[in-house]
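In what follows, a single structure is set out as C-alpha cells and then discussed.
The values are calculated or read from the model by the stated rules, or taken from the named source; none is laboratory data. Remember, predicted model here, so these are calculated numbers, not experimental data. Neighbour counts run over all protein chains shown; Cβ positions are idealised from the backbone, glycine included. What goes into the accessible areas is simple: the full protein's heavy atoms, side chains included, and nothing from ligands, DNA or RNA. Shrake-Rupley method; radii C 1.70, N 1.55, O 1.52, S 1.80 Å.
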Amino acid sequence: MTPTTSRAERATTYAVLIVFAVIAVFPLLAVASQAFGLPHPSAGAFTGAWRKGHFARYLTNSLIVVTVVVVAASALSILAGYALGTMEFRGANALFYVFLAGLMVPTEAIVVPLYFDLRSVGLDNTLPGLMLPQIAQSVSFGVFWMRAYFRSAPRSLIEASRMDGASSWTTLWRVLLPVGRPAILTMVVLIAMWTWNEFLLALVIMNSNEDLRTAPLGLSIFQGQHQTEYQMLMAAALIIAAPVVLVYVFLQRHFIAGMLSGAVKE
C-alpha cells in the first residue's frame, strides 16, 4: 500500500465516521436546543416538566427496578454462564437452549398471559411484579453472554488454579471475574439500558397504580397530557434519557473493551 493510498483511505474513513456521527448527534442537538429554548436559553421547561410530570417519583421507581434487575440478573447470569461455559455435565446443551428460548420469544407474545399470571398471585401493580419478568429476560441474555466469555477465557488460568487446589467457587471469583471485568460491565450496561427503557411491561403491569410508574411510562403519560407544549416535552425527554446517557459515557471504555474481548483468543 502506497502512502498516498493510505492517506486516502484514512481520509475516507474519517469522512464516513464524521457523517455517521453527525447523523447520530443531530437529533439530540435538535432536542436539546428546543428544550433549552435556544437562542434564548432558559431552564423553565425543565422545572415545569419536573414538577408537572412527577418525574422525581418515576425516576426513583425506575432506579429501584434497574438496581434490583441488574444485581439479580448479573449474579444469576455469572453463575449459570460459568457452569455452562467451563463444566461438562449431562443436559448442559439442552439447558443452554432453554435459556436461548428466552431471547427468541418476544415480549409482545407473552405479555398478556404474563399479566394474568401475575394478577393471580397478587403481583400486578407492584414493583416485584415488574422486576421478575425483566430478571428472567435479562438472565436469558446474560447467560448467553457470560457463557461465551467463560468459553473464550484462557484455559491455562482455569487449569492453573485447579492445580493449585482452588475450588470452582474460588476459580470463578478470584481468577476469572477480575480478568473478565470488561465483559461483565458490558453486560451490566446493556441490562441496565434495556431495563430502564422497558415500556410495554410497565404499561401492562402498572395499569392502575400511578405511584409506581416507571420513567418511560411516566413520559408517555406526560406526552399525552402536554401534546402541544413542545419545549416542555423535549425537556422531559432529556430528563428521562439523561441517566442512561451518563451511565454509557462513564463506562464506554469498559463497554467497548467488553464488546471486543472475544476477538482475540488464546
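Check segment 201-224 and report whether any residue there is surrounded by fewer than 13 Cβ atoms within 10 Å (Cβ to Cβ) and without any contact (Cβ under 8 Å) to a residue 12 or more places away in the chain. Within segment 201-224, one or more residues are surrounded by fewer than 13 Cβ atoms within 10 Å (Cβ to Cβ) and without any contact (Cβ under 8 Å) to a residue 12 or more places away in the chain. When restricted to residues that are open to solvent by 50 Å² or more (accessible area, probe 1.4 Å), within 21 Å of Pro216 (Cβ to Cβ) and polar (S, T, N, Q), segment 60-105 contains 2. Name the residues in segment 36-54 that are in contact (Cβ under 8 Å) with a residue 60 or more places away in the chain and open to solvent by 100 Å² or more (accessible area, probe 1.4 Å), would you? Trp50 - this is the single residue of segment 36-54 that is in contact (Cβ under 8 Å) with a residue 60 or more places away in the chain and open to solvent by 100 Å² or more (accessible area, probe 1.4 Å). Scan segment 140-175 for residues that are in contact with a Lys or Arg (Cβ under 9 Å, 6 or more places away or on another chain), of a type in the set (Val, Ile, Thr) and without any contact (Cβ under 8 Å) to a residue 12 or more places away in the chain and the total you get is 0.
Does Val31 satisfy being aliphatic (A, V, I, L, M) and surrounded by fewer than 11 Cβ atoms within 10 Å (Cβ to Cβ)? Criteria not met by Val31.
Of the residues in segment 106-158, how many are β-branched (Val, Ile, Thr) and open to solvent by 70 Å² or more (accessible area, probe 1.4 Å)? Qualifying residue count, segment 106-158: 2. Residue pairs whose Cβ atoms lie under 9 Å apart, separated by 6 or more positions or on different chains, with the first residue in segment 82-109 and hydroxyl-bearing (Ser, Thr, Tyr) and the second surrounded by 10 or more Cβ atoms within 10 Å (Cβ to Cβ) and in a loop (DSSP other than H, G, I, E, B), are Thr86/Ala153; Thr107/Glu198.
Listed here are the residues, each with its yes/no results for (1) in a loop (DSSP other than H, G, I, E, B); (2) at pLDDT below 95; (3) among the hydroxyl-bearing types (Ser, Thr, Tyr).
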{"site": "Leu203", "(1), (2), (3)": "no, yes, no"}
{"site": "Ser208", "(1), (2), (3)": "yes, yes, yes"}
{"site": "Phe222", "(1), (2), (3)": "no, yes, no"}
{"site": "Met259", "(1), (2), (3)": "no, yes, no"}
{"site": "Val264", "(1), (2), (3)": "yes, yes, no"}
